[in-house]
Amino acid sequence: MIISTIQTNPSFGMKEANTIEALTLMRSVEADVYVLPELFASGYHFASAAEAASLAEAFKTGPTFTALTQFAEATKSFVVFGFAETDNGTLYNSSAIVGYDGTCVLYRKVHLFDREKLFFAPGNLEFTVVTTPVARIGMMICFDWYFPESARTLALKGAQLIAHPSNLVLPHCPNSMPVRSLENRVFTATANRVGADLRPHGTLSFIGQSQITSPMGEILHRSSATCAEAARVTIEPGRADNKSATERNNLFADRRPEFYA
Ligand code: ACM
């Protein structure tokens with residue numbers, strides 16, 4: 001199957017223009033699964049909860065859903081993307097996977113980063129793995145990577161590919177994801193953004209370097225730190241089903257959870 005990470009350069013608050021930018025990049029490569037950044041349409045650096053609410057949308061019915069579901073249907077693909085979600089007045093930093101076959105599954109970021117705690121409620125849904133015809137896909141969002149339990153939980157639930165919408169500001173993730181891949185024997189696809197949100201309350205810059213890693217911890221592709229890009233890598237998801245490290249070691253069967261409490 002072909003996986004594409006869509007590294008965008010959005011302008012804060014310009015939801016429609018940012019969606020068009022993402023769709024233009026997506027149309028430039030043919031893939032089975034596209035992964036977009038966290039909060040790809042709204043931008044990231046909110047001034048207030050009211051501003052975040054004004055850029056949020058409801059699961060399934062928001063304009064971002066309509067645009068990306070239409071794209072998935074037209075191209076027989078699946079799309080994972082991050083969005084600001086409003087649910088009965090509560091805001092979540094969420095992602096969804098939509099697919100040409102009607103797939104539409106929600107995840108709400110469990111580990112909120114820094115000022116996100118001022119606007120968003122922490123995720124209240126389990127880490128979920130979605131079985132598609134091309135791969136079993138799990139979702140986590142950006143800072144979730146810092147907690148190895150996130151990727152481990154998805155891998156234990158059967159994920160072959162972890163789709164990882166991100167808005168990375170710290171430098172550590174690109175060099176850490178190969179380890180998340182290796183220790184869980186899964187593919188990962190981190191889609192980050194470039195550029196900066198220049199706001200009256202401060203500027204926040206994003207590190208790009210969207211990346212796809214293999215179950216052996218190889219970096220199959222890393223995008224630049226500064227340019228928008230649609231990356232495209234062919235992977236064999238079945239490679240993620242082999243958890244064997246040596247003749248006598250299976251990375252999952254050898255776990256000793258009784259010692260981890
Ligand atoms: C982050 O979680 N957006 C750093």
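The values are calculated or read from the model by the stated rules, or taken from the named source; none is laboratory data. Note that the structure is a prediction, hence the values are computed from the model and not measured. Note that we place each Cβ from the backbone using ideal geometry, even for glycine, and neighbour counts take in every protein chain shown.
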query = Is one or more of the residues making up the stretch 174-195 among the charged types (D, E, K, R) and surrounded by fewer than 18 Cβ atoms within 10 Å (Cβ to Cβ)?
reply = yes
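Out of the residues in the stretch 75-112 meeting the condition of being within 14 Å of the ligand (Cβ to nearest atom) and basic (Lys, Arg), tell me which one is surrounded by the most Cβ atoms within 10 Å (Cβ to Cβ).
Only one residue fits best here, namely 109.
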task = Output the number of the condition that residue 95 fails; it satisfies all remaining conditions of (1) assigned to a strand (DSSP E or B); (2) in contact with a Pro (Cβ under 6 Å, 6 or more places away or on another chain); (3) more than 22 Å from residue 78 (Cα to Cα).
result = (3)
task = Scan the stretch 138-154 for residues that are more than 17 Å from residue 35 (Cβ to Cβ) and either more than 16 Å from the ligand (Cβ to nearest atom) or at pLDDT below 95 (or both) and jot them down.
result = 152, 153
ask   = Which of the residues belonging to the stretch 221-231 are surrounded by fewer than 21 Cβ atoms within 10 Å (Cβ to Cβ), within 17 Å of the chain's Cα centre (by Cα) and closer than 18 Å to residue 177 by Cα?
value = 221, 222
ask   = Quick one: is residue 167 within 12 Å of the ligand (Cβ to nearest atom) and assigned to a loop (DSSP other than H, G, I, E, B)?
value = yes
task = Sort through 180, 115 and tell me the only one that's within 16 Å of the ligand (Cβ to nearest atom), among the basic types (Lys, Arg) and without any contact (Cβ under 8 Å) to a residue 60 or more places away in the chain.
result = 180
